[in-house]
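So the structure is just underneath, and the comments pick up after that.
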Amino acid sequence: MDAILLQILNGLDKGGAYALIALGLTLIFGTLGVVNFAHGALFMLGAFVAVSVREVLTISTKVKDESVTFFEAFKEVPYLEVWFGDTGRMIIDWSVPISILFAIPIMLAIGLVMERGLIRHFYRRPHSDQILVTFGLAIVIQEIIKAVYGANPIPQPAPEMFSGTANVGALFGLGDNIAYPKWRLVYLGFSIAVIAAVFSFLRFTTFGMVVRAGMADRQTVQLLGINITKRFSIVFGLAAVVAGLAGLMYTPVISPNYHMGMDFLVLSFVVVVVGGMGSLPGAVAAGFLLGTLQSFASMNEVKQIIPGIDQVIIYLVAMIVLLVRPRGLMGRKGVMED
Amino acid sequence: MHIERFTPKSDLMMVLIFSAVILLMPIWLEPFGAAYPDLMQRFAIFGLFAIGFNILFGQTGYLSFGHAAFIGVGSYATVWIFKLYTMNIVPAMIAGVIMSGVFALVVGYICLRRTGIYFSILTLALAQMSYNLAYSVLTPITMGETGLQVEAADPRVWEAPLAAGEVPRTHLFGLEMTDLGGLAGFYICAAFLILGFYVALRITRSPFGSMLRGLKTNQNRMAYTGLNTRPYALAAFVISGMYAGLAGSLMAAMDPLAGAERMQWTASGEVVLMTILGGVGTLVGPVIGAAAIKYFENIFSAIDGAVLTGWLDFLPDFLLDLIVPVLSLFVGKGWHLTLGLVFMLVVIFLPGGIMEGYRRIRDRFSNADAGNK
């Protein structure tokens with residue numbers, strides 16, 4: 001029972017990342033009709049915003065080390081700590097959550113530039129062209145990041161308050177022996193909050209209403225004198241923000257490296273297809289579902305019965321879903337039917 | 001829409017010219033510094049891979065993102081024959097092509113139920129699955145991360161056992177790949193490339209080929225005429241999978257080892273790049289694209305900051321300090337950045353690749369002539 005709870009948490013956690021990326025992919029596909037292979041790169045860029053913010057915060061100066069008395073010793077101390085003492089130390093400690101403030105405008109800008117500069121020219125080109133050009137873009141972004149930050153992963157610590165493990169078992173009344181990393185619980189909560197925010201934005205604001213109307217029937221909305229293209233561009237920016245935040249908050253879990261985007265992209269596409277192309281709830285549900293399935297498959301008990309199942313479960317499920325229910329779990333009729 | 005004019009005679013000329021260009025590569029590549037066997041083998045092997053990919057993508061219109069899996073299957077099958085039976089490449093390559101064909105049949109049967117982006121994602125998923133399996137459960141067959149290698153102690157049933165410490169070499173009835181100054185291996189690859197090119201040409205010109213182009217143009221309409229389109233698409237998929245398997249076999253024949261990294265989806269992406277860069281749907285384009293990418297990969301990877309500084313020595317120092325770091329982003333380890341940029345530019349401005357560029361230039365000149373008259 002303990003193990004099952006742990007695996008569910010693990011799965012939901014990873015599923016949260018899948019769901020956030022898949023949500024953005026679906027938004028872009030549903031509005032602009034563009035298949036964005038560079039979405040993983042946006043996820044990675046978000047992670048590297050966190051890296052950059054931390055680097056800026058920890059710009060250091062040399063200060064005489066008082067604890068060494070035999071000789072003149074110096075140690076690196078961040079300026080923030082020199083100037084603000086404990087407050088400065090706390091700011092550095094909280095660098096990952098703080099970088100959210102920077103990530104939102106940066107990712108929005110990147111998304112808008114990408115859409116206006118490149119994607120816009122591909123609305124009417126075949127899907128294969130869209131895949132190819134965004135695939136090229138993904139390579140370019142990835143290589144630039146590699147050139148700037150190097151090929152090695154750069155670990156990002158979570159704030160001290162959230163490092164270490166939480167006793168989840170007690171929470172559910174299952175005894176004290178289920179420990180789970182606190183930050184991953186935070187991530188789970190965060191992803192649910194972002195998903196809720198996106199859905200309520202689309203559901204309860206006028207802007208969201210127009211966007212939904214545009215997704216359903218673009219032409220009619222245009223006939224009503226609404227500039228739907230402009231709104232769809234903003235939706236692209238929004239999707240970029242969602243992907244970026246997903247990557248940013250994931251940094252304490254896996255250290256950012258230049259190929260993390262590609263790693264997640266393949267799986268997120270599978271998630272989108274399983275959920276149903278163009279269906280937002282489908283993307284979210286499939287994200288959590290596949291994440292959970294994957295973590296159950298990586299249990300030793302399961303691996304003993306079917307060796308290697310943890311490596312292939314997602315792809316296997318995707319194939320079965322596509323063959324049995326080609327539209328995906330919640331796909332709408334008429335969206336990318338062929 | 002550009003319509004290609006051809007006659008049996010012009011086709012024959014094309015094959016002859018193509019063969020001549022390929023066979024004379026050791027001579028005319030000399031000034032480019034690319035006339036060494038290892039690189040030329042790679043030209044031929046990846047050319048073959050791209051020709052096969054083009055039959056599926058260029059002619060039939062299915063964009064597969066998992067073609068590297070067939071390279072992997074071909075390589076593994078070939079190396080296993082080397083290990084178990086003989087170091088002669090003929091049976092090994094036959095096994096490689098057949099195995100990849102069978103694998104393509106299974107994969108194609110599943111993936112071809114869907115078209116468009118779904119097909120791309122299904123192939124991607126299947127290839128990624130085989131890659132993961134090769135690294136985990138299938139390690140007894142694939143040797144996981146170390147890769148599959150031939151050893152002196154392998155039980156080669158059809159051959160006399162080797163003494164311990166002797167390195168097993170692949171051969172074609174006694175002709176070793178490194179004979180003739182390394183050119184033996186290249187000519188074997190070249191022969192397969194020419195053969196593959198000829199077969200692709202015959203397929204393109206056949207009724208079967210026009211069927212495939214019909215599928216690409218409008219699959220629904222093909223179906224409305226009462227035709228079952230699935231077998232045609234499946235045949236194209238299997239043929240192109242066998243081409244990839246042959247390329248993988250050749251890789252293993254030239255250098256008898258096989259590793260799972262050949263199956264990674266970036267490798268599948270590479271063949272897409274080659275085909276697009278050269279020209280989708282054309283016969284020669286994919287070969288040109290493959291050769292161009294492999295050539296520039298070789299050249300660009302060798303350039304680093306020091307070499308650049310040497311070249312630009314005539315510039316004043318402050319300019320040098322400015323330009324060299326920027327340029328070195330694009331060369332050496334940053335070669336993929338250049339590749340990605342070039343690829344994007346090609347997709348945006350020249351979707352037909354190098355071949356379309358060539359045709360546009362030619363048309364412009366011939367139109368100018370017509371205008372003068």
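Derivation of every value follows stated rules applied to the coordinates shown; laboratory data play no part. Keep in mind it's a predicted model, so treat the numbers as computed, not measured. All Cβ positions, even for glycine, are placed from backbone atoms using ideal geometry, and neighbour counts span all protein chains on display.
Under 5 Å between amide hydrogens, built in the peptide plane, is the criterion, and for A:Ala166 it picks out A:Tyr180, A:Lys182 among residues at least 5 positions away or on other chains. In Å, the Kirkwood hydrodynamic radius of chain A over pairs of distinct alpha carbons? Final number for the Kirkwood radius of chain A is 21.6 Å. What is the sum of charges around B:Thr309, taking Lys and Arg as +1, Asp and Glu as -1, for the other residues whose C-beta is under 13 Å from the C-beta of B:Thr309? That sum, taken over residues with Cβ under 13 Å, equals -4. Count charges around A:Leu323 for me, please; just the other residues with Cβ under 10 Å from its Cβ, Lys/Arg as +1, Asp/Glu as -1. So the surrounding residues net to +3. Can you give me the C-alpha center-to-center distance between the stretch A:283-297 and the stretch A:109-151, rounded to a whole angstrom? Here the answer is 28 Å between Cα centres. Please check: in the Gaussian network model of chain B (C-alpha springs, under 10 Å), which one of B:Gly289, B:Gly108, B:Gly182 has the largest mean-square fluctuation. Of the options given, B:Gly182 has the highest mean-square fluctuation.
Computed over the alpha-carbon atoms, the stretch B:69-190 gives an Rg to Rh ratio of 1.06, Rh here being the Kirkwood radius from the mean inverse distance. Estimated purely from DSSP H runs of n ≥ 4, each contributing -39500 (n - 2.57), the mean residue ellipticity at 222 nm for chain A is -23000 deg cm²/dmol once divided by its residues.
For B:Leu24 and A:Asp86, the FRET efficiency from 1/(1 + (r/R0)^6), where r spans their Cβ atoms and R0 equals 51 Å, is about 0.10.
Partner shielding of A:307-318 amounts to 5, given as the average count of beta-carbon atoms from other chains within 10 Å of each residue beta-carbon. Counting Cβ atoms of other protein chains within 10 Å of each Cβ in B:118-129 and taking the mean gives 6.
With contacts defined as alpha carbon pairs under 8 Å and 6 or more residues apart, what's the relative contact order of the stretch B:270-328 in percent? Once normalised by length, the contact order is 21 percent.
Near A:Phe37, the amide H atoms lying under 5 Å from its own belong to A:Thr134, A:Phe135; only residues 5 or more places off or on other chains count, and H is placed 1.01 Å from N.
Computed from phi, the 3J(HN,Hα) profile of the stretch B:123-133 under the Karplus parametrisation 6.51, -1.76, 1.60 (θ = phi - 60°) reads 5, 4, 5, 5, 5, 5, 5, 5, 4, 4, 5 Hz, with x in place of Gly and Pro. Mind grabbing the base-10 log of I(q)/I(0) for the stretch B:44-106 at q = 0.25, 0.29 Å⁻¹? Debye formula, identical points on the C-alpha positions, no solvent, two decimal places. Taken in order of the listed q values, log10 I(q)/I(0) reads -1.07, -1.22. Applying the Karplus relation 6.51 cos²θ - 1.76 cosθ + 1.60 with θ = phi - 60° to the stretch A:321-328 yields 3J(HN,Hα) values of 4, 5, 7, 7, 9, x, 6, x Hz, where x marks Gly and Pro. Rg then Dmax, both in Å and based on the Cα atoms of the stretch A:148-268: 19.8, 62. Reported to the nearest whole Å, the Cα centre-to-centre distance from the stretch B:92-118 to the stretch A:208-278 is 33. Close amide H contacts of B:Glu176 (hydrogens built in the peptide plane, cut-off under 5 Å, sequence separation of 5 or more or a different chain): none are found.
Once the stretch B:1-119 is represented by equal point scatterers at the alpha-carbon sites, with solvent omitted, what log10 I(q)/I(0) does the Debye formula produce at q = 0.10, 0.14, 0.17, 0.22 Å⁻¹? So the normalised log intensities are -0.48, -0.89, -1.11, -1.19. Across chain B, the mean sequence separation of Cα contacts (distance under 8 Å, 6 or more residues apart), normalised by length, yields a relative contact order of 28 percent. Summary value for the stretch B:1-151: 20 percent relative contact order, contacts being C-alpha pairs under 8 angstrom separated by 6+ residues.
Note on chain B: Rg/Rh from Cα positions, Kirkwood definition for Rh, rounded to two decimals, is 1.00. Relative to the longest principal axis of the Cα atoms of chain A, helix A:39-57 runs at roughly 20 degrees.
Residues considered: A:Phe296, A:Phe201, A:Phe48. Largest GNM mean-square fluctuation over chain A, using C-alpha springs under 10 Å, is found at A:Phe201.
Ordering B:32-45, A:13-26 by mean Cβ neighbour count within 10 Å, with the highest value first, yields A:13-26, B:32-45.
For the stretch B:141-154, backbone phi angles converted through the Karplus equation (6.51, -1.76, 1.60; θ = phi - 60°) give residue-by-residue couplings of 8, 9, 6, x, 6, 5, x, 8, 10, 8, 10, 5, 7, 5 Hz, Gly and Pro being listed as x. From helices alone, chain B scores -22000 deg cm²/dmol at 222 nm; the rule is -39500 (n - 2.57) for each run of n ≥ 4 DSSP H residues, then divide by the residue total.
When each of B:Tyr224, A:Tyr180 is scored by the number of other beta-carbon atoms lying within 10 Å, the sequence from fewest to most is B:Tyr224, A:Tyr180. If the segment from B:Val157 to B:Asp313 were pulled out straight at 0.36 nm per residue, it would be longer than the present Cα-Cα gap by 50.1 nm. Of all the options A:His39, A:His127, A:His259, the one that moves most in a Gaussian network model of chain A with Cα springs shorter than 10 angstrom is A:His127. For the stretch B:328-356 and the stretch B:187-205, compute the distance between their C-alpha centroids and round to whole Å. Their Cα centres are 27 Å away from one another.
Output the Kirkwood hydrodynamic radius of the stretch B:248-351, Cα pairs only, in Å rounded to one decimal. One over the average 1/r among Cα pairs gives 15.8 Å for the stretch B:248-351. Across peptide A:265-271, the mean count of Cβ atoms from other chains lying within 10 Å of each residue's own Cβ comes to 3. What the pair-distance distribution of the protein assembly as shown shows, using all Cα-Cα distances binned every 10 Å from zero, is 3, 13, 21, 24, 20, 12, 5, 2, 0, 0 percent.
Treating each Cα of the stretch B:113-268 as one equal point scatterer and applying the Debye formula with no solvent, the log10 of I(q)/I(0) at q = 0.08, 0.09, 0.19, 0.20 Å⁻¹ comes out as -0.37, -0.46, -1.26, -1.30. Once R0 is set to 56 Å, what does the formula 1/(1 + (r/R0)^6) return for the Cβ-Cβ distance between A:Ser163 and B:Lys9, expressed as a FRET efficiency to the nearest 0.05? According to the calculation, E is roughly 0.15. Using the Cβ-Cβ distance between B:Leu329 and B:Tyr36 with R0 set to 30 Å, the FRET efficiency from 1/(1 + (r/R0)^6) comes to roughly 0.60.
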